[in-house]
Amino acid sequence: MGRTVAVAALLAALVVAGCGSSSGHTLAASRIRGKTLTIYASAPLLGRSDVTGEAVLSGARLALDQVGARIGEYRIAFKALDDATAARGGWDPGQTTINARLAVLDPTTIGYVGEVDSGASAISIPPLNRAGIPQVSPTSAAVGLTSAVLGAQPGEPQKYYPTGIRTFARVVPDDRVQAIAQVRVQQGMGCKSTLVLNDGEVDGEDAARSFVVAAQAAHLRLVRVTTFVRDAASYKSLAAGVAQLAPECVLIAADTESGAVLLTTQIAAAMPDVKIFGTADLAESTYTDPARGGIPLAVDPRVVLTSPTLGLNDYPPSARAFNAAYRRRYGDPEPAAIYGYEAMSLLLSAIERATDDGTRPAVRSEVRAALFATDDRRSLLGTYGIDRDGDTTLRRYGVWNIVDGELTYWETIDA
């Protein structure tokens, strides 16, 4: 009862805060008073993809700790929030709204790291945008969050930016890059026809739409694009239907929480010769490792995944240093860990530049401007910039096999 009352009170406060906002108020409140700047981070810490949420937050903490949680005269406070609920078994729209509004209501907020899922980013971007809070996502890749290219939905991306000014940036390449990588690796493995299964989530649908655009451009035949029921008790009838269509390859555009493990297993059983491909949200141990509920070892040789994370040898030496530091502190990193680190590092760099190494007033609008002025940044991901839409200029994607339940790097594709 106490939690219910507290949440209700918070939501009431949010309504009042939202109704009282104006562009003039936002500008007046953009300067942070005092010597504490707070960075909020939001990620799923419940459900099958909690390993990715934990990795993103751990990477972000490592980046903050490496600067001593200080920029000049400012102390940087870090508040990690869970955007998942037990009832949904993953990120939740209501919880994501609460997380974003907590940041909006905090007068010391200087930036926000998140979200992990594109559907969650679609919810958190507008309130953060109204407050002028710079936001950096480590892994949200849906094209419509930043641009109106083929694959975006009607009204995107304008509907996410009520002020008309961009506040959202991401360090991960968007789904257009992943789609090109998927098409190239599939064709390289002899695929002439592909059937696409997506889980109906924003990320799954966006990855599927982007794949369709790339496949058509590359003359890869699409057998069908189908949305499957999330977390079904069985996919045997779906697998039998797919087998009747006889595609050479199947692409699963989904997250692990969708039931993708069971779907993959039953597709493999129904079609002994089909090649199975998966999108980036499946590149986590809870999908690959049977000891953590992942696919059976016997299915491993038939599955290929794409992920924005590359092999260490394809990164600058700083990535190997990060990997070693992360392993000492947290254990083996999930693929998304390096993006959590870089999302925080990029935001800290923008704060540093906007405040002249922590000697000038901290102003949200100036941090936002510094974020979008990022150019020729030398990072552990490589050298990149942030364009006017908020997208990284990096266009490389990794291809991964699964060997004995572990992700094993294969190659990098430049899109």
- Task: Considering the options Pro290, Gly278, Leu263, tell which one lies farthest towards the positive end of the dipole of the stretch 254-328, charges being +1 on Lys and Arg and -1 on Asp and Glu at the Cβ, about the Cα centre.
- Result: Pro290
- Between 0 and 90°, nearest 10: helix 93-105 axis offset from the chain longest Cα axis: 20 degrees
- Give the accessible surface of the stretch 49-182 per residue, rounded to a whole number of Å², with probe radius 1.4 Å and ligands, DNA and RNA excluded. 30 Å²
- Task: Pop out the carbon and sulfur fraction of the accessible area of the stretch 242-381 as a percent, whole number, probe 1.4 Å.
- Result: 49 percent
- Cα-based shape type of the stretch 113-181, given that a ≥ b ≥ c are square roots of the gyration tensor eigenvalues and the cut on a/c is 1.5: oblate
- Determine the dipole magnitude for the stretch 152-228: charges of +1 sit on the beta-carbon of Lys and Arg, -1 on that of Asp and Glu, nothing else is charged, the reference point is the Cα centre, and the result goes in debye to the nearest 20. 320 debye
- Message: Between helix 317-330 and the chain, what is the angle of the helix's C-alpha long axis to the longest principal axis, kept within 0 to 90° and rounded to the nearest 10?
- Response: 90 degrees
- Treat every Asp and Glu Cβ in the chain as -1 and every Lys and Arg Cβ as +1, leave all other atoms uncharged, and give the resulting dipole magnitude about the Cα centre to the nearest 20 debye. 840 debye
- Query: Charges only on Cβ, +1 for Lys and Arg, -1 for Asp and Glu: so what's the dipole of the stretch 318-415 about the Cα centre, in debye to the nearest 20?
  - Reply: 320 debye
- Item | Solvent-accessible area of Glu248 with every protein chain in place, 1.4 Å probe, in Å² to the nearest 10 | 70 Å²
- Task: Give a residue-ordered list of calculated ³J(HN,Hα) values for the stretch 300-310 (Karplus: 6.51 cos²θ - 1.76 cosθ + 1.60, θ = phi - 60°; whole Hz; x for Gly, Pro).
- Result: 3, x, 9, 10, 10, 10, 9, 8, x, 6, 9
- Relative to the longest principal axis of the C-alpha atoms of the chain, give the angle of the C-alpha long axis of helix 337-354, reported between 0 and 90° and rounded to the nearest 10°. 30 degrees
- Task: Could you order Trp91, Trp410 so the one with the most accessible surface comes first? Probe is 1.4 Å.
- Result: Trp410, Trp91
- Query: Rounded if a/c is under 1.5, else prolate if a/b beats b/c, else oblate: with a ≥ b ≥ c from the C-alpha gyration tensor eigenvalues square-rooted, which is the stretch 74-195?
  - Reply: prolate
- Counting only protein chains, not ligands or nucleic acids, how are Leu381, Leu105 ordered by accessible area (probe 1.4 Å), most first? Leu105, Leu381
- Whole-Hz Karplus ³J(HN,Hα) for the stretch 41-48, in order, using 6.51 cos²θ - 1.76 cosθ + 1.60 and θ = phi - 60°, x for Gly and Pro? 9, 10, 7, x, 10, 10, x, 5
- Query: Within the chain, what's the longest stretch lacking trypsin sites (Lys or Arg not before Pro) that sit in DSSP loops with no more than 13 other Cβ atoms inside 10 Å?
  - Reply: 193-387
- Note on the structure: Dipole check, the stretch 77-139, charges on Cβ (K,R +1; D,E -1), about Cα centroid: among Pro138, Ser118, Leu105 the Cα furthest to the positive pole belongs to Leu105
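The values are calculated or read from the model by the stated rules, or taken from the named source; none is laboratory data. Small disclaimer: the values here were computed from a predicted structure and weren't measured. Cβ coordinates were reconstructed from backbone atoms using ideal geometry, including for glycine residues, and neighbour counts include every protein chain displayed. With ligands, DNA and RNA removed, areas are computed over all heavy atoms of the protein, side chains included. Shrake-Rupley method; radii C 1.70, N 1.55, O 1.52, S 1.80 Å.
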